Amino acid sequence: MKKTKKLGQDNLWGYLLIAPTVIGLFILNVYPFVDTIILSFCKSGVFGGREFVGLENYAEIFGSQEFWQALWNTVYFCILTVPVGVFLALIVAILLNAKIRGKVVFRAIFFLPMVVAPAAVAMVWKWIFNSEYGIINTVFHLDAGWITDPNLVIPTVAIVAIWSAIGYDAVLLLSGIQNISKTYYEAASLDGCTKLQQFRYITLPMVSPTLFVVLIMRLMASLKVYDLIYMMVGEGNPALSKSQSLIYLFYRESFIKGDKGMGSAIVIATVVLIGIITAIQFVGQKKWVNYEV
Amino acid sequence: MKQKKTFSTVLIYAALIIGAVIMIFPFIWMLLTAAKTNAEVLQVPPTILPENWDFSSFIKVFDLLPFGHLYLNTGLMILFRVLCAVAFSSMAGYAFAKLNFKGKNFFFTLVIVQQMIPGQIFIIPQYEMVAGLGLTDTIFSLVFPGLVSAFGTFFLRQAYMGIPDEIAEAAYLDGCTRWQTFTKVLFPLTKSSVAALAVFTAVFSYADLLWPLVANTNINSTTLSAGLSTLNSMYSTNYPVLMAGSLLAMLPMVILYLIFQKLFIEGVAMTGGK
């Protein structure tokens, strides 16, 4: 008798099926990853020649005011957007979880910015925040240079980023909240718990794994912010140095100035920073995320 | 007690309505601004509704930007990226979930690690490859970074893991080849995950600005997002034109969203965490 036909065991089919993905990953990711590291130790000419310069690029970026400013801008942007944005999203999720009519409509409205390209979002907010003719300054009789005053630019972009992401984060949190079994709430209200106590002792711990995912995702996205700043602030704005993020600086060095060696060093420094911050979050989560169900 | 309940319901509605107004207002303001003349926009005090609904900015922006090209380029980029992500990720996801082969763990680790590394680190070499082939400013260069998807592979592997082995074994014993087991029996069972991946890929490809700015600098060969950035830097003071351009750029995706709203939200919620 032939051995039982087993679906699982087959090297050839396994390799055939993963081939496009694995070959693609090598071409699109593994090779570029290595190449970027090599490039960060080189000076590249306009015509593509490379000359090994050791740590010169890194020495240059760590010694440059512009890099540290961009690093601070990025961190500042995260400090403003992540806690506030996720907190507001949690409130929206809780409101959407209430027994109300028109839930689907509200959810669709809050989610809307997610399907609009950031380029278009940035454009309308730039107009709303325009210092001379923008609706905010004229309605509130203000004279604020929302996108020209170096002290205001990052908070302004942060408002737009929060507005853009709130519906997306709320949808994720809402699905986390809806997964909590109703029996906990029934038991709690029989025991005389108030709504606030129910939130504190049931909802918050039970939704904490989702909350952690949303926080990490928002943090990583914020550390990589680029498009909103590029569109709202842009070249020639006097506040650019006080608002450009690390990825924006990377884009300018690599593709506007054409110094790909420097650009590589900046992007590697950024990725290392993102890695460190994410690792800290994963260590810190043990203190507050509840995985027991 | 009953009164207390109605009161809190009113509060919830009030909060949601205020929130919804804040979410909607920028889009309404976009439309109202686009329908004004540039002179009216710069008027003090400003008008809320246009004095005369004037849609000439829409015509003007068509002269300034090659919208036909931009729609076509963006549409083709999304189409090919979605097809590649779905096809290749389904194949690999199935293999990683249901087949055993040498080196499986190594290759899957490769997928996981790539998924965690921010994509910006790959851009310079990706650009140099496309430029080296002389393929910048083509549809190929727009699709290029999205030819395969580590995230999609990971995500669809989860979907295949969720299918009981017995189903696959039964089909196989009934005489299906491995390929038929995959395409005829298992793939249809991952429909909702495939739809989620398609929506996810489409939304994020459409939103991406950095890559088209780098790879396709010619205005006729770039995407809607990058086209808007060109408009933004060239006509930065003509707000009706900028708003008309933004509206036209966001329109196709918003229409798709309004039609397939549930699919969009559930799809993105399913893929959440990226």
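The values are calculated or read from the model by the stated rules, or taken from the named source; none is laboratory data. Computed from a predicted model, the values in this text were never measured in an experiment. Counting neighbours? That spans all protein chains shown, and the Cβs are built from the backbone with ideal geometry, glycine included. Ligands, DNA and RNA are stripped out before the accessible areas are found, and what is left, the full protein with its side chains, is counted by its heavy atoms. Shrake-Rupley method; radii C 1.70, N 1.55, O 1.52, S 1.80 Å.
Picking from residues in segment A:115-145 that are more than 7 Å from chain B (Cβ to nearest Cβ), closer than 21 Å to B:M23 by Cβ and touching a helix residue (DSSP H, G or I) at 6+ places or on another chain (Cβ under 8 Å), the one that is surrounded by the fewest Cβ atoms within 10 Å (Cβ to Cβ) is A:I136. So which of B:I123, B:I112 is within 10 Å of another protein chain (Cβ to nearest Cβ), of a type in the set (A, V, I, L, M, F, W, C) and under 28 Å from A:I216 (Cα atoms)? When all the criteria are applied, what remains is B:I123. Out of all the residues in segment A:188-197, is one or more at positive phi and not β-branched (V, I, T)? The answer is yes; a qualifying residue exists. Filtering segment A:206-219 for residues that are of a type in the set (S, T, Y), surrounded by fewer than 19 Cβ atoms within 10 Å (Cβ to Cβ) and either within 16 Å of the chain's Cα centre (by Cα) or not in a loop (DSSP other than H, G, I, E, B) (or both) leaves a non-empty set. Within segment B:150-181, being facing chain A (nearest Cβ under 8 Å) and surrounded by 15 or more Cβ atoms within 10 Å (Cβ to Cβ) holds for B:A150, B:T153, B:A168, B:E169, B:Y172, B:R178, B:T181. Note on segment A:145-196: among residues that are acidic (D, E) and part of a helix (DSSP H, G or I), the one that is nearest to A:P118 (Cα to Cα) is A:D169. I'd like to know if segment A:270-279 contains one or more residues that are under 13 Å from A:S64 (Cβ atoms), among the hydrophobic types (A, V, I, L, M, F, W, C) and crowded, with 17+ Cβ neighbours inside 10 Å. Looking through segment A:270-279, none of the residues is under 13 Å from A:S64 (Cβ atoms), among the hydrophobic types (A, V, I, L, M, F, W, C) and crowded, with 17+ Cβ neighbours inside 10 Å. For segment A:219-259, a tally of residues being within 16 Å of A:T81 (Cβ to Cβ) and among the basic types (K, R) returns 1.
Residues that are surrounded by 23 or more Cβ atoms within 10 Å (Cβ to Cβ), within 12 Å of B:S141 (Cα to Cα) and among the hydroxyl-bearing types (S, T, Y) within segment B:196-238 comprise B:T222, B:T223, listed in sequence order. Please indicate, with yes or no, whether at least one residue in segment B:236-249 is assigned to a loop (DSSP other than H, G, I, E, B) and under 28 Å from B:I167 (Cα atoms). Checking segment B:236-249: not a single residue is assigned to a loop (DSSP other than H, G, I, E, B) and under 28 Å from B:I167 (Cα atoms). A residue that is open to solvent by 30 Å² or more (accessible area, probe 1.4 Å), more than 7 Å from chain A (Cβ to nearest Cβ), closer than 23 Å to B:M270 by Cα and free of Cβ contacts under 8 Å to residues at least 24 places away in the same chain occurs nowhere in segment B:126-133.
One residue stands out in segment A:38-84 among those that are assigned to a loop (DSSP other than H, G, I, E, B) and touching a strand residue (DSSP E or B) at 6+ places or on another chain (Cβ under 8 Å): the one that is modelled with the highest pLDDT, namely A:F41. Residues in segment A:227-274 that are more than 7 Å from every other protein chain (Cβ to nearest Cβ), within 21 Å of the chain's Cα centre (by Cα) and of a type in the set (D, E): 0 in all.
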